[in-house]
Amino acid sequence: MTIPALRTWTAGTGQFTFTGKGRVIVHPRDLPKLKPVAALLASELGNRFGSTVEVVCSDDGPRPGDIVLRLQTGIPGIGDQGYRLAVARSATVTAGTVDGAFNGTRTILQALMNGDTIPAGTADDWPTYPERGVMIDLGRMYFSLDWLKARVRDMAYLKLNTLHLHLTDDEGWRVESDLGVQSAQHLTKNEIKSLVDYAVKYRITVIPEIDMPAHLGALLQKYPQYRLVDKDGNVSPTKIDFTIPAAWDLLKSVIIEYLPLFPGKYWHLGQDEYLANSQYAHYPQLEQYAKATVGPDATAKDAVIQFANEMNAFVRSKGKIGRAWNDNVGPGTTIEVDTNVVIQYWTDSDSEDLFGPNGPYTPQTLLDKGYQIVNDSFLPTYAYPSGGRTPQIRVGYLYDSWSAEQFYGYLYRDQDGTYVKYLPTKTTAVGAPGHRGSMLNVWNSGGTWTQDEAAADIYPRMRIMAQKTWNSPQPAADYAGFQSITDQVGSPGN
């Protein structure tokens, strides 16, 4: 058994046995691309079996017990992350890309978790969704480098390939800062570089998020002159007034500082929970800014859209693809968020206004308009510490009742354990073009837990997310059956 389950499997005769003499073989033409994948697999197998596993560059036929990694284009149906696995006396992973070959090695690693044999047969395996990940809220809780690296190993073991780091929030700034705004507990830039390099080794893309223009409380403690002030003089300690030119310069300087740390192609701009529709009338400076930058018919909310688009243009000029939460991507404005921004859908609500007439577009509407989207919906994809204002969702519900095509804006659990959907669930077609996938979102707003408690809580959730986003046939009828599979598959260890 594997997690996620294989897409197809045709049983053969006999079995593959990995012995202390087994090698990882790569064809000479593929070595420049596949050497890191082969070296990692050899190291992992060596740790598993207590031996030194050799990586061999050869086009000779394999010996019994060898594992062969090959690149070959033209295998129908597997896409750019899939692979073909052929198991006989030797085992061969064939893929069109390095990512596909890496995913094949994860299957072999899992299959050898509880023994040294794999039954003979062939598999074609591929994911429905290209993006399968985990978001970690570091802004509200510090997680150590070692803890984060352990999550990377576990993610890769499950073929999860995206790590979203929510690095800053009102409660904390968890990365070393030239401005001196970092929290007492934070990751140094060298630690961030170490984490990113480690993730690259495991074929995981790291997406940084410096949330703005809200959730900037940690920054604005040092720069109170840029706090948003309404027409009555009320000051927001967590939201920045981006209509102030120097505030713009400050935010861009923050991005410039951290760009070198994150070589991946994505940059998350935040854009959530700035103002509700009913609140814009209290901020005439936003309307003035919108009319000056967008046009005479622009409204105050257009200012926030313009801010998102200008920040997106800025990061795109630095070679990044912008991403944003979906709060402000909806009707009722003169302009809309650029369609080249990846939208991470978490809510039906327009911030604190909840279900107003100009709430966010549905996932399907976003797709129809040309956006790429990710399912980060509240509450199914969320993990929370106990004791907070938001109840933890039962793990079994995720496996038994949720799929990556189901977008909930608000889902609460009542005291009796039942769930209440405040609005109908939004759905998209399975594998709809533009639907990139989903993430487990590890938030820390309210409640408390230790690093070990957080790891234990998300351990089964990561496995369900891996299965749901790979979207192969479910390996068990219900969560109780899936639990036995997670026990068999285990974890990658150190």
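Computed from the coordinates by the stated procedures, all read-outs in this text should not be read as laboratory data. Keep in mind that this is a model prediction, so the values were computed, not measured. Every residue, glycine among them, receives a Cβ derived from its backbone with ideal geometry; neighbour counts consider all protein chains shown.
Note on segment 33-96: enclosed strands (runs of 3 or more DSSP E) holding 2 or more residues that are touching a helix residue (DSSP H, G or I) at 6+ places or on another chain (Cβ under 9 Å) and without any contact (Cβ under 8 Å) to a residue 40 or more places away in the chain are 54-57, 91-95.
Among the conditions (1) among the aliphatic types (A, V, I, L, M); (2) under 30 Å from Lys21 (Cβ atoms); (3) touching a Lys or Arg at 6+ places or on another chain (Cβ under 6 Å), Leu167 misses just one, which is (2).
So, Ile255, is that one hydrophobic (A, V, I, L, M, F, W, C), in contact with a strand residue (DSSP E or B) (Cβ under 7 Å, 6 or more places away or on another chain) and surrounded by 15 or more Cβ atoms within 10 Å (Cβ to Cβ) or not? Judged against the criteria, Ile255 is a match.
The single condition from (1) in a loop (DSSP other than H, G, I, E, B); (2) without any contact (Cβ under 8 Å) to a residue 24 or more places away in the chain that Thr128 fails is (2).
Looking only at segment 194-224, how many residues end up being among the acidic types (Asp, Glu) and not in a helix (DSSP H, G or I)?
Qualifying residue count for the region: 2.
The single residue among Asp348, Asp338 that is assigned to a loop (DSSP other than H, G, I, E, B), touching a residue at least 60 places away in the same chain (Cβ under 8 Å), among the acidic types (Asp, Glu) and at negative phi turns out to be Asp348. Quick one: would you say Gly133 is touching a strand residue (DSSP E or B) at 6+ places or on another chain (Cβ under 7 Å) and part of a helix (DSSP H, G or I)? For Gly133, the condition - touching a strand residue (DSSP E or B) at 6+ places or on another chain (Cβ under 7 Å) and part of a helix (DSSP H, G or I) - is not met.
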